[in-house]
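Structure, as structure tokens:
The values are calculated or read from the model by the stated rules, or taken from the named source; none is laboratory data. If you're wondering where the values come from, they're calculated on a predicted model, not measured in any experiment. As a convention, Cβ positions derive from the backbone with ideal geometry for all residues, glycine included, and neighbour counts pool all protein chains shown. Note: areas computed on protein heavy atoms with side chains; ligands, DNA, RNA excluded. Shrake-Rupley method; radii C 1.70, N 1.55, O 1.52, S 1.80 Å.
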Amino acid sequence: MRQHIKLILVLAWSLLFVTESYSQETEPDVQSYELTIEPDIQKGYIEGTVLIHFEVLKGATSVMFNSGDLVVDKVRGSSVESFITKDSELVIQLFPQQETEHEIIIAYHGNPNRGLLFDKDLNQAHTVYFTDHWMVSNNEPGDRATFSINLILPKGVESVASGTLTGIKERGEKVVYKWNQEYETPSYTYGFVIGTFNKVTELADDIALHYYSSELDETRLQKVFEETPDILSFLEEKSGIEYVQNSYSQVLIGNNYQEMSGLSVLSASYPGFVFKDSSEIHLTTHELAHQWWGNMITCETFGHFWLNEAFAVYMSSAFNEHRFGKEKYDSDISIYKSIYDDLIKRGKDKPLVFGEWAPSRDNRNVIYYKGAYVLHLLRAELGDDNFWKGIKLYTQNNYGKSVVTNDFKLAMEQASNTDLSSFFDEWVY
């Protein structure tokens, strides 16, 4: 039981995602990012340029992007008059004009202290949230855009990144890997991994599943992720929507867990849980579930973050029920309830919809585990048929969009022909 609780709580302890509030004169609506970046693992250093195509309101005279601790060297574009950086923000002054669409190129460099983690000993690096610390971007989760990345790496260093690998080109002693994501997601879902790894690939129908590790041999690597094809099929069935691209990668690296578009990173210590108990695969399911709930259906603001995280937690338990039986599911729910009861006992319980998301272990426990418990209660309230019908309707209606909690409520009410106002007032709001 203690081992089980420890695994369930890994996410709450390991995720370091912090959302900052910014005041801004004009908020951009980004259509696309085209990034070229050259990381130096041994120096913990990056140089990059990003081409951003965005829209602003007619007559806007300035626009703000998030730039973390990056040093912005140049900002170019026909509408750019000047720029300043202040308090992790890049504010660009625009020439007076009536155009709403703009294209700018930003050149920058830096030594990221978060967001991009370097391992000099293993000669590896990987991103973990905080996209603005390795690429100038808009942090707002409701701003969805396409993304492409050119990774300039020394020969012998491999890459995994958001989207699909569309080209590899040698450039002297360097190699350029081009990855392209044609569907829109928020900037926190972009990312990459670089290093040298053992790799296993298998097909699930027409989807290539890639597993990476620098420590495990191919046999043990396959064993860690052997449930992935069944998980993928289960999530497609429950969502009513096929997985968005033709490949999905899982990389064992570092000490974090994070979903990104088309890939996930899981702690290098994760296999220890699975080898000890083959049913302890919550985190494989959790991160894969985010390819639907989180990446393709995203909370419009982080006040509705439970729509990302509680869904991923709950889907891990729903898959456990499918794969290992109701006893396993009941064990999961019992743990979520015990976490919720502890929040109440310590006076730390909060509504699932936050006025303003603030990171803490207790707040994560509300969002992740109280949220998953509430989904369990909603299933009990509606019955299996109506609950899963509602999940499918919610997913299909909002796929590729940003949502608030009321979107979920309306879908569940429509599917079940039930007024859920009292339930949501009590358990969600």
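D119 passes all but one of (1) charged (D, E, K, R); (2) touching a Ser or Thr at 6+ places or on another chain (Cβ under 8 Å); (3) open to solvent by 10 Å² or more (accessible area, probe 1.4 Å); which number fails? Status for D119: all satisfied but (2).
All of T201, T196, T219 fail the test of being exposed (fewer than 15 other Cβ atoms within 10 Å of the Cβ) and touching a His at 6+ places or on another chain (Cβ under 8 Å), apart from T201.
When F234, F275 are checked against the criterion of being among the aromatic types (F, W, Y), out of contact with any Phe, Trp or Tyr (no Cβ under 8 Å at 6 or more places or on another chain) and surrounded by fewer than 22 Cβ atoms within 10 Å (Cβ to Cβ), a single residue qualifies: F275. Which residues, taken from the range 160-188, are within 25 Å of I207 (Cβ to Cβ), of a type outside the set (A, V, I, L, M) and more than 16 Å from the chain's Cα centre (by Cα)? Selection gives T164, T166, G167, Y177, K178, W179, N180, E182. Taken together, the residues in the range 75-109 that are of a type outside the set (A, V, I, L, M, F, W, C) and in contact with a Ser or Thr (Cβ under 9 Å, 6 or more places away or on another chain) amount to 11.
Tell me, which residue of the range 334-363 that is modelled with pLDDT under 95 and assigned to a helix (DSSP H, G or I) is most open to solvent (accessible area, probe 1.4 Å)? Among those residues, the one meeting the criterion is R361.
Residues being closer than 19 Å to K43 by Cα, of a type outside the set (V, I, T), touching a strand residue (DSSP E or B) at 6+ places or on another chain (Cβ under 6 Å) and open to solvent by less than 60 Å² (accessible area, probe 1.4 Å) are entirely absent from the range 168-188. The numbered conditions (1) part of a strand (DSSP E or B); (2) open to solvent by 50 Å² or more (accessible area, probe 1.4 Å) are all true for V251 except (2). In summary, F324 fulfils each of the numbered conditions (1) more than 16 Å from S239 (Cα to Cα); (2) buried (at least 24 other Cβ atoms within 10 Å of the Cβ) with the single exception of condition (2). Restricted to the range 257-333, the set of helices (runs of 4 or more DSSP H) holding at least 1 residues that are closer than 26 Å to T405 by Cα, touching a helix residue (DSSP H, G or I) at 6+ places or on another chain (Cβ under 6 Å) and charged (D, E, K, R) comprises 306-324.
Restricting the range 19-49 to residues that are under 19 Å from R144 (Cα atoms) and at pLDDT below 50, the residue that is farthest from the chain's Cα centre (by Cα) is Q24. Taken together, G142, G191 contain a single residue that is at pLDDT below 95, closer than 24 Å to N398 by Cβ and open to solvent by less than 50 Å² (accessible area, probe 1.4 Å), which is G142.
Pairs linking a residue in the range 151-171 that is closer than 18 Å to Y33 by Cβ to a residue that is among the acidic types (D, E) and surrounded by 16 or more Cβ atoms within 10 Å (Cβ to Cβ), with Cβ atoms under 6 Å and 6 or more positions apart or on different chains, are I152/E38. Please work out if K337 is touching a Gly at 6+ places or on another chain (Cβ under 6 Å) and basic (K, R). Considered against the rule, which asks whether it is touching a Gly at 6+ places or on another chain (Cβ under 6 Å) and basic (K, R), K337 comes out as no. Of the strands (runs of 3 or more DSSP E) entirely within the range 102-221, those holding at least 2 residues that are among the polar types (S, T, N, Q) occupy 124-127, 144-154, 164-171, 174-186, 198-204. So for the range 375-384 (the condition being small (G, A, S) and touching a strand residue (DSSP E or B) at 6+ places or on another chain (Cβ under 6 Å)), does at least one residue qualify? The answer is no, given that none of the residues of the range 375-384 is small (G, A, S) and touching a strand residue (DSSP E or B) at 6+ places or on another chain (Cβ under 6 Å). Pairs are defined by a Cβ separation below 6 Å, a sequence spacing of at least 6 or placement on different chains, a first member in the range 26-42 that is open to solvent by 50 Å² or more (accessible area, probe 1.4 Å), and a second member that is outside any strand (DSSP E or B); the pairs so defined are Q42/K120.
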